[in-house]
Amino acid sequence: MNWRDYWNQDTPIYVSERHKVLHYQAIARDIAELIPSLEAQVLDYGCGEALCADRVAARCRRLYLCDAAPLVRERLRERFGEHPKVEVLAPDEAHALPDASLDLVIANSLLQYLSQDELRSLLRLARAKLKADGRLVLADVIPPGVSPMTDAKALLGFAWRGGFLSRAFLGLMRTAFSDYRKIRNALGLATYTEGEMIALLAAEGFAGERRSRNIGHNQARMTFIARPA
Ligand SMILES: C[S@@+](CC[C@H](N)C(=O)[O-])C[C@H]1O[C@@H](n2cnc3c(N)ncnc32)[C@H](O)[C@@H]1O
């Protein structure tokens, strides 16, 4: 199994429904803050189930939700199929969007599952589709040396604040024996230093910088904001 196949199924990543909802609420709030205007066209690439995408859509003119997993897209269409501002896309369909049409492209918690070739292809896609004053946001990027223990501590902090601590302990034990751990051990997760990420962005025509705060709950990870150079 590869990462793409892994995400095309129900996963034990969320320890409870409450965890999943609080996660997507926080991500939607953080994405909404990055939207430059109510007229903006936004692409959330590798969006997952995006449970609170309606909150993001309320802050822009058009929201494209793109995910490689057919199961995820099916669930997105069930939830947002009738939403007037939301369109669900497969990656090929994102490539078919008009050039220079987007104000914001965001990829949150995706890069760790991409090969460097896939990442370069995503950067080229964003470079082509963004307007000259558009922004690319790459968030939840894992720096080298961050251990699963650090991720676990961040989750427990989130769970404590969100009132699902006991489920988080159980969930962490379940994850330790899950396919996720097996695939993580076999394939690894892609990690980048701040300098590597800025250099990769520059090589694909972006001027990027690290944002002080990461999107989501795990501040051991990094968010980059880049503009077409
Ligand atoms: C960890 S989830 C992140 C979901 C969401 N962005 C969030 O922050 O919760 C990663 C998502 O990326 C999708 N994905 C993985 N590889 C992809 C690719 N090459 N292109 C588009 N989506 C991809 C998976 O199907 C999965 O839904």
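The values are calculated or read from the model by the stated rules, or taken from the named source; none is laboratory data. The model shown is predicted, which means the values in this text are computed figures rather than measured ones. Using ideal geometry, Cβ is built from the backbone for each residue, glycine included, and neighbour counts are taken over all protein chains shown. When the accessible area is computed, the model is the full protein with side chains, heavy atoms only, and any ligands, DNA or RNA have been set aside. Shrake-Rupley method; radii C 1.70, N 1.55, O 1.52, S 1.80 Å.
Observations on the structure shown:
- Cα gyration tensor of the chain - equivalent ellipsoid semi-axes, whole Å, descending: 27, 21, 17
- Dipole of the chain computed with +1 at Lys/Arg Cβ and -1 at Asp/Glu Cβ about the Cα centre; of L187, A203, L156, farthest Cα towards the positive end is L156.
- Prolate/oblate/rounded call for segment 165-229, Cα gyration tensor, a/c under 1.5 rounded: oblate
- Helical runs (DSSP H, four residues minimum) scored at -39500 (n - 2.57) apiece and divided by the length of the chain put the mean residue ellipticity at 222 nm at -13500 deg cm²/dmol.
- In this calculation the C-beta distance from S178 to A203 is compared with R0 = 35 Å, giving a FRET efficiency of 0.50.
- By definition, a body whose alpha carbon gyration tensor gives a ≥ b ≥ c is prolate when a/c is 1.5 or more and a/b is larger than b/c, and segment 86-144 fits this prolate description.
- With every protein chain in place, segment 3-228: carbon and sulfur % of accessible area (1.4 Å): 52 percent
- Within the straight-line cut-off of under 17 Å between alpha carbons, the aspartates and glutamates reachable from K153 are D140, sequence neighbours fewer than 8 places apart in one chain being disregarded.
- Computed from label points 7 Å out along Cα-Cβ, the spacing between R55 and T150 is 2.7 nm.
- Relative contact order of the chain: 22 percent, from C-alpha pairs under 8 Å at least 6 residues apart in sequence.
- Computed from point charges on the beta carbon alone (+1 for Lys and Arg, -1 for Asp and Glu), the dipole magnitude for the chain about its Cα centre is near 620 Debye.
- With both residues required to sit in the chain, DSSP beta bridges show an antiparallel share near 35%.
- Per residue value of the accessible surface for the chain (all protein chains in place, 1.4 Å probe), Å²: 48 Å²
- The residue list C60, G171, H83 was ranked by how far each Cα lies along the charge dipole of segment 3-228 toward its positive end, using unit charges on Cβ atoms, and G171 comes out on top.
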